[in-house]
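Asker: Sending over a structure as structure tokens; questions will come in a sec.
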Amino acid sequence: MMVSALIERELSAETFPVRHGVFVAVVGPSGAGKDTVIGYARTLFADESRLEFVRRVITRPSDTASEDHDTLADAAFVEAEADGAFAISWEAHGLRYGLPADVDWSVANGHVAVANVSRAIIPVLRERYANLAIVEITASADVLAERLAMRGRESRGEVLARLARSANVTLTGPGVTTIDNSGPREVAGERFAELLRKAMAFSDISGLI
């Protein structure tokens with residue numbers, strides 16, 4: 001892919017990890033409301049050019065019950081991945097996920113990139129981005145169970161299994177902020193917005209160094 005190749009050439013003079021900007025990794029269990037919190041911030045900062053809300057590529061059709069994303073079939077995803085179309089890619093729950101390669105360019109040019117990612121790729125992100133903020137969106141077990149049930153995508157057994165897996169995941173390391181989204185989205189949304197303001201302020205200073 002021509003665009004991906006161009007980005008790689010522009011970044012070739014820089015060694016990883018990518019510096020200057022900030023990568024904000026939003027993680028958390030299914031049902032915690034990651035997309036809801038991100039959507040709140042996207043609306044709040046609609047005119048903020050320093051913020052980039054990354055649109056994911058997923059091997060799942062887009063619908064009104066899920067996030068707005070780009071869709072690729074499995075074979076097309078694998079081909080795009082081989083062509084360098086993604087900065088980061090991973091697999092989870094039988095699906096493939098990718099973040100476009102131009103995310104690296106955005107961070108290298110002092111922007112703040114915000115993306116919903118899997119907790120499993122945090123070690124990869126730590127190596128790739130010098131300035132990494134990890135935001136863990138959580139909710140009480142009862143709220144998670146209710147939200148997952150309302151989606152209607154999984155059986156009761158599958159929901160319980162998903163909750164059990166989430167309960168066994170603990171994030172460690174620097175730069176982790178936990179936001180409880182059990183209540184009104186405005187409460188968690190404002191906490192997230194404040195973190196993004198700090199990330200933008202940091203990237204402004206980092207770009208001058």
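The values are calculated or read from the model by the stated rules, or taken from the named source; none is laboratory data. Since the structure is predicted, the reported quantities are computational estimates derived from the model, not experimental observations. Just so you know, the surface numbers come from the protein's heavy atoms only, side chains and all, with ligands and any DNA or RNA stripped out. Shrake-Rupley method; radii C 1.70, N 1.55, O 1.52, S 1.80 Å.
Asker: What is the Å³ per residue value for the convex hull set by the Cα atoms of segment 23-88?
Answerer: Once divided by residue count, the hull of segment 23-88 is 114 Å³.
Asker: Just to make sure I understand: if all protein chains stay in place, what is the order of 86, 192 by accessible area at 1.4 Å, largest first?
Answerer: Reading off the accessible areas and sorting them downward yields 86, 192.
Asker: Compute the accessible area per residue over segment 60-116, keeping the other protein chains in place, probe 1.4 Å, unit Å².
Answerer: Accessible area per residue, segment 60-116: 45 Å².
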